[in-house]
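A.B. asks: Sharing a structure with you now.
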Amino acid sequence: MLAYGLWDLGGSALKSLLVILGILNTVPILIWLERKICAFIQGRVGPNRVGPFGLLQPLADAIKLAFKEEIIPADADRVLYLLAPFLAFLPSAAAFAFVPFGPEVKSASGELVADLRVAPGSGAGLLLLLATTTLAVYGVAFGGWASNSKYPLMGAVRATAQMISYEIAMGLALVAVIASTGSIDLQQFVADQARPLLGAEFAPPLRWIPNWHVFHQPVAFVLFLIAMFAENNRLPFDLAEAEPELGAGYHTEYTGLKFAMFFMGEYVAMIMMSGLCVTLFLGGWHVPGMPLLEGARGALEPAVSSGAVAAIGVLVFVTKVMLVLCFYMWVRWTLPRFRYDQLMRLGWKMLIPVGLANLFITGVMLVL
Amino acid sequence: MSHSDPHAGHGAEPQHETPPEPGKSLTDRLYLVEIARGLGKTLNHFKDTILGGEATVQFPEKNIYQKDEAERAIGHPNPRLRGEHILVKDEQGREKCVACLLCMSACPALCIYIEPEPAPPEWKDRERHPRVFELDMLRCIYCGYCEEACPCDAIRLTPKLYTPTTSRAERVYDKQRLLDNNPEWQRPQRPKK
């Protein structure tokens with residue numbers, strides 16, 4: 001894919017615009033959803049005053065934040081202090097460039113018409129994506145450091161240590177999946193998961209089960225799931241903003257829209273991680289029964305039907321991501337927060353050995 | 001904590017395997033099983049609330065004294081709650097109070113003020129009645145001593161909790177207001193002798 005012309009550039013710009021608009025509009029919905037789910041789990045009704053079902057509540061909150069006074073602490077490092085909210089937000093948003101939202105649209109001759117990734121043909125998508133998401137920790141670290149205040153610093157140090165620890169576990173989980181797929185191209189990942197379950201040829205009734213990695217790499221999936229929560233600083237691993245200990249954590253000294261930026265960055269990172277989880281383990285845009293659609297292609301113009309399949313793929317992908325996000329919230333309102341030493345013990349003494357063992361077993365299976 | 005020693009029993013008793021302490025069993029230490037159970041629990045709560053089990057009362061529109069379509073109380077005010085007072089009326093709509101000042105003397109917060117006057121001559125059953133009966137709701141501690149002290153069942157505490165007012169003066173209830181307050185609780189509380 002070296003021929004990256006003006007046409008592709010325009011397409012990418014259009015796609016990135018769509019994606020960014022999509023994300024920015026999802027965040028308020030997520031905030032609303034989070035409050036509603038929290039309320040229902042606790043036997044309350046949640047926001048219901050602003051707009052129907054309280055749907056406009058996040059908007060009201062945003063307006064409130066916009067009118068707050070912007071405070072910069074006197075001894076803050078101004079440049080880093082102002083940079084941090086953007087650093088917390090941008091990498092997660094940028095990582096969406098590599099997520100395959102739907103299948104490739106192909107013409108009758110099998111020629112590629114449109115790639116539903118913002119960055120088309122990014123063959124090393126997984127690596128780029130991981131590299132980009134990891135940058136988000138700089139926002140947290142800078143925010144805590146530049147505030148020149150003790151609690152934010154503690155929060156930032158915790159967040160950094162935690163992210164580094166859990167990235168290893170996450171990496172180990174992913175290496176096992178990469179080894180069994182044999183590719184780091186995310187589109188390839190999904191295509192691999194669209195096949196029938198590995199080994200199902202010996203048990204024909206199981207052939208309808210897709211080869212989603214959650215089924216043939218369950219240990220890696222659980223590892224990834226746990227690491228995912230830790231990476232996003234979500235409960236039960238939200239040590240970086242443990243209210244009883246650290247005030248609000250790394251963004252204690254931020255007000256108004258800069259705080260909103262951090263807040264939004266957190267949610268965007270959540271969407272990002274859910275997208276990654278769906279792509280890597282839950283079959284991406286694939287859903288059982290999709291081959292039927294492919295079969296119906298003959299009736300339509302190939303490019304049109306291919307486009308229709310792609311559209312359905314995007315819908316499936318978005319639905320799956322929303323479900324994973326709901327799971328995030330469900331877990332948040334179920335589990336209490338870990339203590340910091342417990343968190344580190346879980347990361348280093350349990351997840352990493354389990355990840356290594358899983359990788360070893362996967363390797364042995366592959367060699368056999 | 002009644003933690004029985006497993007070896008304390010008689011030798012003849014069958015030896016039961018003691019369950020491990022919380023947090024020590026294999027499922028507890030694996031976390032994941034228990035986490036799944038916890039998730040199931042919260043999911044149940046979620047489901048119950050969605051199906052109309054929320055405890056919230058939509059306050060300004062509704063309050064805990066109202067009933068819903070099925071005639072169930074929306075909230076659950078305890079009928080024995082000690083809230084705002086009423087002065088009880090007799091069969092002829094007069095206050096039962098005979099201005100004996102027992103409640104006034106029993107009140108530890110000194111929130112009751114009574115000015116007795118001779119009852120009108122046509123009231124054959126009593127000699128005195130209160131000309132002024134004032135109860136300062138801001139001073140009242142809702143202890144219920146006045147209700148206990150009253151020999152005529154003339155003052156009662158009812159579960160009514162709040163009556164918003166815009167000034168302190170309005171929090172001092174006069175006789176008429178106490179007579180009209182929370183009329184549902186005017187019904188006979190004790191069997192007649």
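A.B. asks: Is it the case, given these coordinates, that A:Lys320 is modelled with pLDDT of 90 or more, more than 12 Å from chain B (Cβ to nearest Cβ) and part of a helix (DSSP H, G or I)?
C.D. replies: Taking the combined requirement at face value, the residue satisfies it.
A.B. asks: Another question, if that's okay. For the stretch B:91-105, give me each residue that is farther than 18 Å from B:Arg177 by Cβ and assigned to a loop (DSSP other than H, G, I, E, B).
C.D. replies: Answer for the stretch B:91-105, where residues must be farther than 18 Å from B:Arg177 by Cβ and assigned to a loop (DSSP other than H, G, I, E, B): B:Glu91, B:Gln92, B:Val98, B:Cys100, B:Leu101.
A.B. asks: Kindly establish whether A:Ala97 is under 17 Å from A:Ile271 (Cβ atoms) and either open to solvent by less than 30 Å² (accessible area, probe 1.4 Å) or outside any helix (DSSP H, G or I) (or both).
C.D. replies: Yes: the conditions hold for A:Ala97.
A.B. asks: Sticking with this structure for a sec: Just for the stretch B:168-183: of the residues that are touching a Ser or Thr at 6+ places or on another chain (Cβ under 9 Å) and part of a helix (DSSP H, G or I), which one is farthest from B:Ser105 (Cα to Cα)?
C.D. replies: B:Glu170
A.B. asks: State which residue is nearest to the other protein chains (Cβ to nearest Cβ) when the search covers only the stretch A:55-72 and only residues that are touching a Gly at 6+ places or on another chain (Cβ under 7 Å) and open to solvent by 60 Å² or more (accessible area, probe 1.4 Å).
C.D. replies: A:Lys68
One line per residue, one yes/no per condition, for (1) open to solvent by 30 Å² or more (accessible area, probe 1.4 Å); (2) at pLDDT below 80; (3) of a type in the set (Phe, Trp, Tyr):
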position	(1), (2), (3)
A:Tyr166	no, no, yes
A:Trp208	yes, yes, yes
A:Phe229	no, no, yes
A:Asn233	no, no, no
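A.B. asks: Residues of the stretch B:106-129 being outside any loop (DSSP other than H, G, I, E, B) and either acidic (Asp, Glu) or open to solvent by less than 70 Å² (accessible area, probe 1.4 Å) (or both), which ones?
C.D. replies: B:Ala106, B:Ile112, B:Ile114, B:Glu115, B:Pro116, B:Glu117, B:His129
A.B. asks: Assuming A:Asn148 fulfils every condition listed in (1) open to solvent by less than 40 Å² (accessible area, probe 1.4 Å); (2) in a loop (DSSP other than H, G, I, E, B) apart from one, which condition is it?
C.D. replies: Every listed condition holds for A:Asn148 apart from (1).
A.B. asks: Checking B:Val88 against (1) within 30 Å of B:Gln58 (Cα to Cα); (2) touching a residue at least 60 places away in the same chain (Cβ under 8 Å); (3) not aromatic (Phe, Trp, Tyr), which single condition isn't satisfied?
C.D. replies: (1)
A.B. asks: Then there's this: Looking only at the stretch A:30-54, how many residues end up being more than 12 Å from chain B (Cβ to nearest Cβ), open to solvent by 80 Å² or more (accessible area, probe 1.4 Å) and over 19 Å from B:His45 (Cα atoms)?
C.D. replies: Final tally of qualifying residues: 2.
A.B. asks: Ok, one more. When you check B:Gly40 against the structure, is it closer than 30 Å to B:Ile114 by Cβ, open to solvent by less than 50 Å² (accessible area, probe 1.4 Å) and at pLDDT 85 or above, yes or no?
C.D. replies: no
A.B. asks: May I ask you to verify whether B:Arg156 is among the basic types (Lys, Arg) and open to solvent by 60 Å² or more (accessible area, probe 1.4 Å)?
C.D. replies: Considered against the rule, which asks whether it is among the basic types (Lys, Arg) and open to solvent by 60 Å² or more (accessible area, probe 1.4 Å), B:Arg156 comes out as no.
A.B. asks: From the list A:Val278, A:Val304, which one is part of a helix (DSSP H, G or I) and at pLDDT 80 or above?
C.D. replies: Unique residue meeting the criteria: A:Val278.
A.B. asks: Something else now. Regarding the stretch B:152-167, can at least one residue be identified that is small (Gly, Ala, Ser) and not in a helix (DSSP H, G or I)?
C.D. replies: yes
A.B. asks: Which one is nearest to the other protein chains (Cβ to nearest Cβ), of the residues in the stretch A:323-339 that are assigned to a helix (DSSP H, G or I) and open to solvent by 50 Å² or more (accessible area, probe 1.4 Å)?
C.D. replies: Out of the qualifying residues, it is A:Trp330.
The values are calculated or read from the model by the stated rules, or taken from the named source; none is laboratory data. Note that the structure is a prediction, hence the values are computed from the model and not measured. Methodologically, a virtual Cβ is constructed for each residue, glycine included, from the backbone with ideal geometry; neighbour enumeration extends over all protein chains shown. With ligands, DNA and RNA removed, areas are computed over all heavy atoms of the protein, side chains included. Shrake-Rupley method; radii C 1.70, N 1.55, O 1.52, S 1.80 Å.
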